[in-house]
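Values in this text are rule-based calculations from the coordinates and carry no lab data. Since this is a predicted model, take the numbers as computed values, not measurements. Because the Cβ atoms are built from the backbone with ideal geometry, glycine has one as well, and the counts that use them run over all protein chains shown.
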Amino acid sequence: MGMLRTDESIAWGDRFRFYEKEDSFITTIVNEQGNASWYLRSERNFAQSTLYIPPSSAEEQGAVITWMAMMIFGQASLLHDTIMIHASVVNHQGKGVAFLGKSGTGKSTHSRLWLQHIPNTTLLNDDNPAIRIGSEGISIYGTPWSGKTPCYKNERLPLQGFVRLQQAPSNEFEWQEGFKGFIAVLPSCTSIRWNKDLFSNMNTILEQVIAQVPVGYLKCLPNREAAELCQSFLFPQEQ
C-alpha cells in the first residue's frame, strides 16, 4: 500500500488512511458496512486521480465523493496559483473578507454577526473558499464545498482581507504585518505537507497573497460590537 502518513480525519475517524508511494498517494476510507474500502489513487501532483467505489449507500457515495473531490481540488489547484482555505467568507459591498480560526472558534458565528448587523453583507462560503492570484489581483471564490451551511455560490470577489479570530472576554483588533500575517493565515491553507513541491507552491502563493492582502487578528466576543470593530478596520472609509 505504501508508507502510512496519517490515519487522522475529523470527517471519517478511524475509517481513514492516507499513504505515500514513490509515484502516487493513496487515500482509503472503509465503508459503513466495514467490509470494503473506498480507494483513491492520485498522481503526486494530483493532476489525475482514480477512484474505486465499494458497495455503499447512495448517501455515503455522495458524501465520500464530495469529500474526495474537495481534497483533490485542494491539491491540484496549487499548480494554478490557487489555494483552498478553511474559512468563512462574507461579501461586503462586493469585496470578500475571510474569517479564519480553529474549528469551534466562531468563524460562522462572526459571519452571521456581519449578516445581521453590517448592511450590504451576504455570505459567499462558510467553510472552503478558494483564493487565486490573477491578472485582476487577489480574488476569493465560492466553491461547491461549504461545510454544514448550504451556500454554494459560483462567484468571485476581490479579497479585502483576512481576519484570524480568537475568543476573548473583550473585543480587540490588531493588524498582523509581514511574517506575522503569513503565520496567521498558513494553518488555514490546504496542502499535503508530505509533497514538498505542492507545499512549496502553497507557501510561494501565500507569500504573494499576503504581500497584497492585509491580515488582522481579532480577539472577540460573539456580539455586534465585534463585527462593527472588525468592519471599522477593514472598511475605514465607511466610518
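May I ask you to sort Ser42, Ser9 by Cβ crowding, counting other Cβ atoms within 10 Å and putting the fewest first? Before the final figure, lay out each step's value.
Details: Ser42 22, Ser9 15.
So the residues, fewest neighbours to most, are Ser9, Ser42.
Apply the Karplus curve 6.51 cos²θ - 1.76 cosθ + 1.60, θ = phi - 60°, to the phi angles in segment 209-226 and return the couplings in whole Hz, x for Gly and Pro.
In residue order, the calculated couplings are 5, 5, 5, 10, 10, x, 10, x, 10, 10, 7, 7, 9, x, 9, 4, 4, 5 Hz.
Given points 7 Å out from each Cα along the Cα-Cβ axis, report the Asp7 to Thr204 separation in nanometres with one decimal.
Spacing of the two 7 Å Cα→Cβ label points: 3.6 nm.
In whole Hz, what ³J(HN,Hα) sequence does segment 97-103 give by Karplus (6.51, -1.76, 1.60; θ = phi - 60°), x for Gly and Pro?
Calculated HN-Hα couplings, in order: 10, 9, 9, 10, x, 5, 4 Hz.
Find the lysine pairs in the chain meeting two conditions, Cα atoms under 28 Å apart and a separation of 8 or more places or different chains, and report how many there are.
Final tally of qualifying lysine pairs is 18.
Ignoring everything except DSSP H segments at least 4 long, calculate the 222 nm mean residue ellipticity for the chain; use -39,500 (n - 2.57) per segment, divide by total residues, nearest 500. Could the numbers behind the result be given before it?
Details: 5 runs with 64 residues, N = 239.
Taken over the chain, the calculation gives -8500 deg cm²/dmol.
Counting other beta carbons within 10 Å of each residue's own, what order do Leu229, Leu206 fall into, fewest first?
Least to most surrounded, the residues fall as Leu229, Leu206.
Under 1.5 on a/c is rounded, so check that first for segment 105-181, then, if it is not, pick prolate when a/b is larger than b/c and oblate when it is not; a ≥ b ≥ c are the square roots of the alpha carbon gyration tensor eigenvalues. Before the final figure, lay out the partial values.
Details: a/c = 1.80, a/b = 1.15, b/c = 1.56.
In terms of gyration-tensor shape, oblate.
Against the longest principal axis of the chain, how steep is helix 58-76, in degrees 0 to 90 to the nearest 10, with axes from Cα atoms?
70 degrees
Please work out which option in (i) 58, 34, 32; (ii) 53, 39, 37; (iii) 47, 39, 37 gives Cα extents along the principal axes in Å calculated from these coordinates, and answer with its label.
(i)
Suppose R0 equals 35 Å; then what is the FRET efficiency for Leu115 and Gln166 from their Cβ-Cβ distance, rounded to the nearest 0.05?
Details: r = 21 Å, r/R0 = 0.60.
Efficiency, rounded to the nearest 0.05: 0.95.
Given a Förster distance of 45 Å, report the FRET efficiency between Lys196 and Thr122 from their Cβ-Cβ distance, rounded to the nearest 0.05.
Working: r = 39 Å, r/R0 = 0.86.
That pair, Lys196 with Thr122, gives E of 0.70.
Would you work out the charge dipole size for the chain about its Cα centre, treating the Cβ of every Lys and Arg as +1 and the Cβ of every Asp and Glu as -1, and quote it to the nearest 20 debye? Display every interim value, and only then the final one.
Numbers: 20 positive and 23 negative charges, 20 e Å.
That gives the chain a dipole magnitude of about 100 debye.
With 10 angstrom as the radius, rank Ile192, Ile65 by how many other C-beta atoms surround their C-beta, starting from the fewest.
On the way: Ile192 21, Ile65 14.
Starting with the residue having the fewest Cβ neighbours, the order is Ile65, Ile192.
Going by amide H atoms built from the backbone, whose H comes under 5 Å of the H on Leu123, apart from near neighbours?
Here the answer is Asn91, since their amide H atoms fall under 5 Å of that of Leu123.
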